[in-house]
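First the structure, in the form of structure tokens, and then the observations on it.
The values are calculated or read from the model by the stated rules, or taken from the named source; none is laboratory data. Since we're looking at a predicted model, the values are computed, not measured. Note: ideal-geometry Cβ built from the backbone for every residue, glycine included; neighbour counts use all protein chains shown.
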Ligand SMILES: [Mg+2]
């Protein structure tokens with residue numbers, strides 16, 4: 001059995017992502033419902049987005065499009081604007097929102113941390129459409145660091161699989177629901193990265209992080225505690 005696997009989440013862990021969504025929501029708000037305050041627009045929109053997503057995740061029929069694909073997110077705008085009886089330009093919304101979402105900003109010291117941890121076996125698990133996520137990961141150049149990248153809807157199964165191969169699996173992510181709870185369910189060490197921007201609907205009261213950090217570089221010290229071959233830095 002191998003010693004240690006370190007698993008990273010991508011969105012809002014290694015890069016800033018939610019801000020892109022918020023910027024696109026702001027744009028639609030200003031363009032089509034300017035009289036509705038952003039706070040109310042965001043609250044209403046996030047609620048309807050959560051409902052649509054839960055419906056997609058619960059549905060028995062297999063969807064031909066990933067539930068977290070940006071086009072699914074864009075459809076939420078159509079539904080929300082329909083509900084508010086607003087007329088809108090579908091093509092324009094699609095073009096604008098996709099350009100917001102394609103933006104990739106590296107979070108904090110991600111690159112430095114990946115470089116420091118390079119000698120370990122690193123993995124990436126991301127919830128999202130493979131093609132879309134790959135194109136965004138490619139903009140960071142981070143794929144070179146990972147043994148393998150997984151594109152999933154839920155992370156439990158991948159973590160359980162890694163736990164069969166490695167004595168210790170460490171999962172690092174910003175989302176209590178998709179990262180920390182999945183790690184708890186799989187026997188992985190859970191490191192919760194806070195201080196960023198995380199969707200309210202990705203919260204979970206049941207998740208129990210083993211470590212809480214607000215800077216990714218704190219991961220290096222924690223990894224050293226679990227490794228038989230600690231880094232000397
Ligand atoms: Mg995340």
| note | Of the residues in segment 48-68, those that are surrounded by 17 or more Cβ atoms within 10 Å (Cβ to Cβ) and assigned to a loop (DSSP other than H, G, I, E, B) come to 66, 67, 68
| query | Can you tell me which residues in segment 5-47 are closer than 30 Å to residue 142 by Cα, more than 14 Å from the ligand (Cβ to nearest atom) and buried (at least 21 other Cβ atoms within 10 Å of the Cβ)? | reply | 5, 6, 24, 25
| note | When every residue in segment 175-195 that is under 14 Å from the mean Cα position of the chain (by Cα) and modelled with pLDDT under 95 is compared, the one nearest to the ligand (Cβ to nearest atom) is 175
| remark: Across segment 197-214, the tally of residues that are within 16 Å of the ligand (Cβ to nearest atom) and surrounded by fewer than 17 Cβ atoms within 10 Å (Cβ to Cβ) stands at 7
| request: Restrict the check to segment 162-171 and report whether at least one residue is at pLDDT 95 or above and over 19 Å from residue 3 (Cβ atoms). | output: no
| message | Return the residues of segment 37-68 that are touching a residue at least 40 places away in the same chain (Cβ under 8 Å) and farther than 30 Å from residue 112 by Cα; say none if nothing qualifies. | response | 46, 49, 50, 53, 57, 65, 66, 67
| message | Of the residues 231, 181, 162, 176, only one is crowded, with 17+ Cβ neighbours inside 10 Å and in contact (Cβ under 8 Å) with a residue 60 or more places away in the chain; which? | response | 162
| query | How many residues does segment 123-133 hold that are closer than 28 Å to residue 207 by Cα and exposed (fewer than 15 other Cβ atoms within 10 Å of the Cβ)? | reply | 1
| request: Assess whether residue 2 counts as being loosely packed, with under 15 Cβ neighbours inside 10 Å and free of Cβ contacts under 8 Å to residues at least 24 places away in the same chain. | output: no
| query | Among the helices (runs of 4 or more DSSP H) confined wholly to segment 148-233, which include 3 or more residues that are in contact with a helix residue (DSSP H, G or I) (Cβ under 6 Å, 6 or more places away or on another chain) and in the same structural domain as residue 113 (by TED's automatic domain parsing)? | reply | 156-165, 181-186
